[in-house]
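Here the structure is laid out as structure tokens; the discussion comes afterwards.
The values are calculated or read from the model by the stated rules, or taken from the named source; none is laboratory data. What you see is a predicted model; the values in this text were computed from it and never measured. Cβ atoms come from the backbone with ideal geometry, glycine included; neighbour counts cover every protein chain shown. Areas reflect the complete protein model, heavy atoms only, side chains present, ligands, DNA and RNA absent. Shrake-Rupley method; radii C 1.70, N 1.55, O 1.52, S 1.80 Å.
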Amino acid sequence: MYNFSAGPAQLPPEVLNKAKDELLDWHGSGMSVMEMPFTSDEFNAITTTAYQDLKSLINLPKNYHPLFLQGGAYAHFSLLAMNLLGNNPNADYIQTGHWSTRAINEAKRYGHINIAASSEASGFDHVPAYHQWKLDQNAAYCHITTNETANGVQFQKIPDLEVPLVADVTSDFLTRQMDISKFGMIYASAQKNIGPSGLTIVIIRDDLLDQAMDIVPAVFNYGRQAQTRINTPSTYSVYMAGLMFSWLLDQGGIEKVEQQNRLKAKRLYDVIDSDNFYLCPVNPADRSLANICFELTNADLADDFLNEAKENGLLNLKGHGVRGGIRASNYNAMPLEGMNALIDFMENYAADKSTTADKKQLCSIA
Ligand code: PMP
């Protein structure tokens, strides 16, 4: 079975097995991680290693704070606005799909939001070219969604901006190399490439930690959380994230998994583009490596395709509700064999249905 879910997504078997082995008794402590006080030496050891591994994976510059918070990226659409618009109410947003639209709608409650560029008119099929962005040089920040999970659109180049760049990296964090110094802040829900849901990672530059509005809840005040842990973290999710970071290091780090992710994505896009049975409406230069969204040219076949895929052990390929179609998530834990299995299935399915359609056409001509 291969699970193409966009999230919560499949985890590497090595990570699940390790968690299974350690479930009842972590390292001879006599406790499950789920039972540990978050202030205990044991849990401190888990968190310290997780932070260290994360920092080394992403080459985190010294002037950034990684925070292990809760709420999910959707909560942080509001929270980041409350944390960053305290001194200056203006922010720019780039609208590239479903999730950036959600981020805009939430932020609007807390400040003056300028949509500096949008691809809505063409159905979110590309990233607007940088020279078309109508940026406010005095904005508190500019927000992008580096990968639109529902639309299959991804920034291939991260722009250099005058104002702090804030990015929702939920669905491509750790899947490709990113120069963190280009950002003022990034944030990600865990359930794609970090581990199970319940944890939200916020990484923020130190100079942005003192711009919060008074109304921000203490546990979501990034500045306060950077100083000291003030509430119970999502302990088991933090532990699982730590196992994932260590697995990623074992794979050779982000550079190595990125190569593999690019290879898997290229193979799938090649099949989609190889004839007109499948189609991907996204501009080739902006196609996501992480969530490959496509359609069957004959949309009536979509349910049949999904059913047959499931019978062949290829799970959760249904596209996001806002756009339908098919979506194959190509996260770090998807092995090359999984992508090859999907490709084989798609080639056979196309050949089979094309032959049936040809036969039907011949019958009707006869
Ligand atoms: N942003 C992006 C890019 C996402 O893919 C998702 C979830 N699919 C979210 C935000 C929302 O995440 P959550 O449901 O964990 O709040």
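Among the candidates 40, 29, the residue that is buried (at least 16 other Cβ atoms within 10 Å of the Cβ), farther than 16 Å from residue 244 by Cα and without any contact (Cβ under 8 Å) to a residue 60 or more places away in the chain is uniquely 29. Pairs are defined by a Cβ separation below 6 Å, a sequence spacing of at least 6 or placement on different chains, a first member in the stretch 318-335 that is on the phi > 0 side of the Ramachandran plot, and a second member that is open to solvent by 30 Å² or more (accessible area, probe 1.4 Å); the pairs so defined are 325/295. Among the numbered conditions (1) open to solvent by 30 Å² or more (accessible area, probe 1.4 Å); (2) over 28 Å from residue 126 (Cβ atoms); (3) under 21 Å from the mean Cα position of the chain (by Cα), the only one that residue 267 does not meet is (2). Would you please name the residue that is farthest from residue 192 (Cα to Cα), looking only at residues in the stretch 162-172 that are open to solvent by 10 Å² or more (accessible area, probe 1.4 Å) and either of a type in the set (A, V, I, L, M, F, W, C) or more than 10 Å from the ligand (Cβ to nearest atom) (or both)? It comes out as 162. Just the residues that are within 16 Å of the ligand (Cβ to nearest atom) and touching a Pro at 6+ places or on another chain (Cβ under 9 Å), please, taken from the stretch 42-72. Those that are within 16 Å of the ligand (Cβ to nearest atom) and touching a Pro at 6+ places or on another chain (Cβ under 9 Å): 68, 69, 70. Residue check: is residue 175 in contact with a Ser or Thr (Cβ under 6 Å, 6 or more places away or on another chain), buried (at least 18 other Cβ atoms within 10 Å of the Cβ) and polar (S, T, N, Q)? When the stated conditions are applied, residue 175 does not pass them. State all residues of the stretch 183-200 that are away from the ligand (no atom under 11 Å from the Cβ) and either modelled with pLDDT under 95 or more than 24 Å from residue 3 (Cα to Cα) (or both); if no residue qualifies, say none. Answer for the stretch 183-200, where residues must be away from the ligand (no atom under 11 Å from the Cβ) and either modelled with pLDDT under 95 or more than 24 Å from residue 3 (Cα to Cα) (or both): 183, 184, 185, 186. Where helices (runs of 4 or more DSSP H) fall wholly inside the stretch 1-100, the ranges with 1 or more residues that are out of contact with any Gly (no Cβ under 9 Å at 6 or more places or on another chain) and closer than 24 Å to residue 167 by Cβ are 41-58, 72-84. Residues in the stretch 110-132 that are over 22 Å from the mean Cα position of the chain (by Cα) and open to solvent by less than 10 Å² (accessible area, probe 1.4 Å): 116 only.
Whether any residue in the stretch 133-146 is more than 28 Å from residue 6 (Cα to Cα), open to solvent by 30 Å² or more (accessible area, probe 1.4 Å) and basic (Lys, Arg) is what I want to check. Scanning the stretch 133-146, I find at least one residue that is more than 28 Å from residue 6 (Cα to Cα), open to solvent by 30 Å² or more (accessible area, probe 1.4 Å) and basic (Lys, Arg), so the answer is yes.
Name the single residue, out of those in the stretch 229-241 being outside any helix (DSSP H, G or I) and modelled with pLDDT of 95 or more, that is most open to solvent (accessible area, probe 1.4 Å). In this case the residue turns out to be 232. For the structure I just gave you, tell me whether residue 150 is small (Gly, Ala, Ser), within 30 Å of residue 249 (Cα to Cα), assigned by TED's automatic domain parsing to the domain that holds residue 219 and outside any strand (DSSP E or B). Yes, satisfied.
Among residues of the stretch 269-289 that are under 15 Å from residue 153 (Cβ atoms), those with a Cβ under 7 angstrom from a residue that is of a type in the set (S, T, N, Q) and part of a helix (DSSP H, G or I), sequence gap 6+ or separate chain, pair up as 289/261. Do you know which of the residues in the stretch 147-161 that are in contact with a Cys (Cβ under 9 Å, 6 or more places away or on another chain) and farther than 23 Å from residue 4 by Cβ is nearest to the ligand (Cβ to nearest atom)? Going through the qualifying residues, I end up with 159.
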